[in-house]
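Take a look at the structure below.
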């Protein structure tokens, strides 16, 4: 089984009944999610539906809870001892906070790209190969190489690094490192990719490349992106959610949110009156 | 300056005198800080250089050894009376006798009487025959032939030749000299005042002796005065008691008086004796010309003439009287360049080697038989009661075994404990308690671990006493807290983004820690391990408790055999009175330091290999 079949298999399985004529079934459904950091109530009663194979962006001022919510979707908040999550989040109808669910398998299905590029201090090849290796998704060495190459190609990095796959990943430029991180996430064959301000540490040219890449990846993955840049949200996402002080204020088509927001707070934010 | 807007507050006028002074003060303070730092480093470096130089200087004699190169007849009836062909039986033969025979042949006259034979024997080490025995055991056909062999000299002879135990200088004669005979008591006459400098030297020593005796006499007289005061007080007490009719008190006072009277009498005799001796020395120093009798408290003067050696018993400006120690070949007149004076500043009474032994040694050296070579023996044997035979191999091997046991135990346990505590353990009262106790353990005096080892490993578990196994276990306990603390610090310093990256692509916590966090923490972990091991390497106190302070001659063959370690060996040697062991102590310190540097070097290499940049 090569990478292509891995990804297509995992992508098509949940797409049952998701034909062109049927109503779109949400990939991720959050229902009354509350997050507490100790005493602090960081996220309040958030309910949202995220459709498959599209880009959803979360915007809002600093500390509004958008990153917190993003990290609930692959349960990265579990690593914070004082963090407590209530409510229900399902992916394809499956409750991800179900005690019987293996969080490692969940994270293989829900990849994540972080704010600061964080490649492992290993070779470029090893960076991408690590995921397939720990999940045992490569049958042979040749197969593993194939997965690495196709992941790098999908992340638009292969042509730049094909001659130096054994060089260390930390020696790349910031933008290349971030694309390496995306390739690393893709190599595991996820259905959803979470991106936590992936361009905030990059220059405009690298940002543009990442944005192009996101647009490309949308065809195969469900992407959820947290961003501080409203232009970026407008450029890359189909749907946008606006968070404010732990509340999900408004969610809808990006077009609508930016041109005709219903809520006053959304309007104030996108017109730059606060935030 | 006038165009500065008024609303700007706190503007600094950089041209004002105050601002300039401020800048100057800042530069000054920075320069001073730099100077203090440099001074501190220079001071530390100076101490290091002095320390190392002192040790190296003291250790140098231990790295060479003196031996005699001699042709020795190996007679079959001496070494192999039964005519056996078994090398082990041959090895038990009397090789000492063979080498003595070889040596006596060089001094036929001296070999005549028992006393001089003893002197010659005294120069050889107990291990002098080892080389010959090895040669003959390896090749039994040598029996019946004459074999060239290295005879190890005794510690005292060795130190004399190195100039450690006695100050000596050899001066060539400056005028013709004639001995009155070839053996027994002789007088050597010269044409000029050849011995004036030696006479002067002896007189100056006498003057010093007179001063020293005078001081001793003064101290003794001060004591006498003190005792006499007490005596007067006691007598007054008797009188008072008798007047009061208290017979008991008078009795005790009387006994005190009797005791004091004897003390005073003996002290007075001592003072008299000391003053008398001081006066004699002073008089002899003051008298010019004439001749002086030598005794063992004065420097020795040997004269090497006509193939023999004469020890002066009396020195005059132009002649000496003395005993022949090595027979002269003739009583002919020797030309100025053909004879020499050997002056040994250290008096015979203050050194272990006698004038007679020195005479024989000087003769052997003159014949070119004494050879100084690198002391391989020091690195190839265990401890010995004889300084010249003592080596560090047994303690070095003991150290290696002990360190191996320590490393094998504490590296995996320490690192895994650190990983668990830092990455997996829940934060609660119990783990807090564990953490506090680990920090406390790091500060526990090392001897306490030795007591624990004695009680638990030896008494309860019955492990062998003085074995590297128990030593290693005890040192592992000692080092564990250090390794855990430093490993935790290293793990903590790995950026959390690496953990997130691994978890984000679906690595389990264990995979994230062992695949990414631990490798990145490895340089720090290794640094901590080396600090701990270096600490363990120099540790003596806990090993004393578990019996590793033993006198170990054999090189240990495993971790359960009795052994000692380098620091304990240094401790043992430093305690011994023989001068030869002082050099061995310094040399063993150098070996310990070399061991430490090798270990640290290895750690740096490993660290470089593990280090990754990001």
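Computed values, structure above
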| quantity | calculated |
| --- | --- |
| GNM top mover of A:75, A:265, A:179 - chain A, alpha-carbon springs below 10 Å | A:265 |
| Sorted by Cβ density within 10 Å, fewest first, the residues B:350, B:125, B:497 | B:350, B:497, B:125 |
| Computed over the stretch B:212-289, Kirkwood Rh from alpha-carbon pairs, angstrom | 14.4 Å |
| Least to most buried among B:402, B:262, B:482 (fewest other Cβ within 10 Å first) | B:262, B:482, B:402 |
| Gaussian network model of chain A, springs between alpha carbon atoms under 10 Å - residue of A:59, A:192, A:257 with greatest fluctuation | A:257 |
| Isotropic mean projected area of the C-alpha convex hull, the stretch B:108-261 (nm²) | 20.2 nm² |
| Span from the the stretch B:353-371 Cα centroid across to the the stretch A:196-227 one, whole angstrom | 92 Å |
| Helix-only [θ]222 nm of chain B, DSSP H runs n ≥ 4, -39500 (n - 2.57) each, per residue, nearest 500 | -19000 deg cm²/dmol |
| Cα pair count fraction exceeding 31 Å, expressed as % - chain B | 72 percent |
| Most mobile listed residue (A:135, A:228, A:244) in chain A, GNM with C-alpha springs under 10 Å | A:135 |
| Burial ordering of B:438, B:589, B:604, fewest other beta-carbon atoms within 10 Å first | B:604, B:438, B:589 |
| Separation of alpha-carbon centers, the stretch B:397-433 and the stretch A:117-180, rounded to whole Å | 35 Å |
| Mean ellipticity per residue at 222 nm, deg cm²/dmol - from DSSP H runs of n ≥ 4 across chain A, formula -39500 (n - 2.57) | -10500 deg cm²/dmol |
| Dimensionless Rg over Rh [the stretch B:76-138; C-alpha; Kirkwood] | 1.03 |
| Computed P(r) (all Cα pairs; the protein assembly as shown; 20 Å bins; percent) | 10, 23, 23, 19, 13, 10, 1, 0 |
| Stretchable slack from residue B:459 to residue B:233, in nm (0.36 nm times residue separation minus alpha-carbon distance) | 75.2 nm |
| Theoretical gain in end-to-end length, residue B:287 to residue B:21 [0.36 nm per residue, Cα-Cα removed] | 88.2 nm |
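Throughout, read-outs are computed from the coordinates displayed, never taken from laboratory work. Bear in mind that the values here come from a model prediction, so they are computed numbers and not experimental data. Methodologically, a virtual Cβ is constructed for each residue, glycine included, from the backbone with ideal geometry; neighbour enumeration extends over all protein chains shown.
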